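Working notes for the structure below.
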Amino acid sequence: MSIFFYLETMEAQTDRFFNAGELEMVARAAVICEDLVNSHYKLSSSQWLKNRYDIRTARHLTPHERVDGPFAQVMKYEGQKTEVPLGSARFSLYTVCLQDPAILRTVAVTPCIDLFPFLVYVLVHELVHVVRFLQFHHRYEHASEASVTLAEEKKVHCLTYGILAPVTLDGLKQVFDFFEQWRIDHGQ
């Protein structure tokens with residue numbers, strides 16, 4: 001087998017959407033992550049963000065929700081109940097946009113990383129962003145400012161590590177090692 005054929009095959013395998021089995025992993029990871037983030041922030045059932053966010057994979061993203069590089073991003077949308085025309089009925093809805101190709105490519109080229117623990121880390125990370133936006137710890141509008149975004153990303157990686165460190169999950173240590181550089185400046 002030539003190296004060109006190998007690289008072409010690797011690219012074909014990693015620039016794709018999640019398959020049915022991988023989507024089941026996303027669903028299982030989402031349930032675990034919701035519980036972990038809810039417990040960490042001690043959110044009551046009325047505060048919990050179940051109705052304040054959605055998770056979408058790349059197959060269901062619009063063009064502006066797709067990005068090259070990151071494993072996921074959070075998009076903010078304004079919602080309003082159709083039966084209530086008043087401005088006071090508006091609410092923020094956040095969409096966690098998973099970038100399947102970037103996730104699958106990373107797992108494919110990093111043999112020590114398994115998909116499920118990687119998904120758990122990525123989803124906890126994105127849900128922490130959502131909670132921080134909802135609790136005004138970080139304003140969503142600042143997301144485009146590079147210096148603020150870098151500091152916020154490092155903070156969220158540290159919070160993600162803090163939430164997941166007590167969790168027993170095969171392969172999670174390798175994921176921590178993969179993201180370690182994001183925590184160095186914060187001493188974790």
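The values are calculated or read from the model by the stated rules, or taken from the named source; none is laboratory data. Computed from a prediction, not measured in an experiment: that's the story for all the values here. Here the Cβ is made from the backbone with ideal geometry for all residues, glycine too, and neighbour counts use every protein chain on show.
What to note about this one:
- Which numbered condition GLN47 fails, given (1) surrounded by fewer than 11 Cβ atoms within 10 Å (Cβ to Cβ); (2) at pLDDT below 80: (1)
- Any hit, segment 83-97, residues being in a loop (DSSP other than H, G, I, E, B) and at pLDDT 95 or above: no
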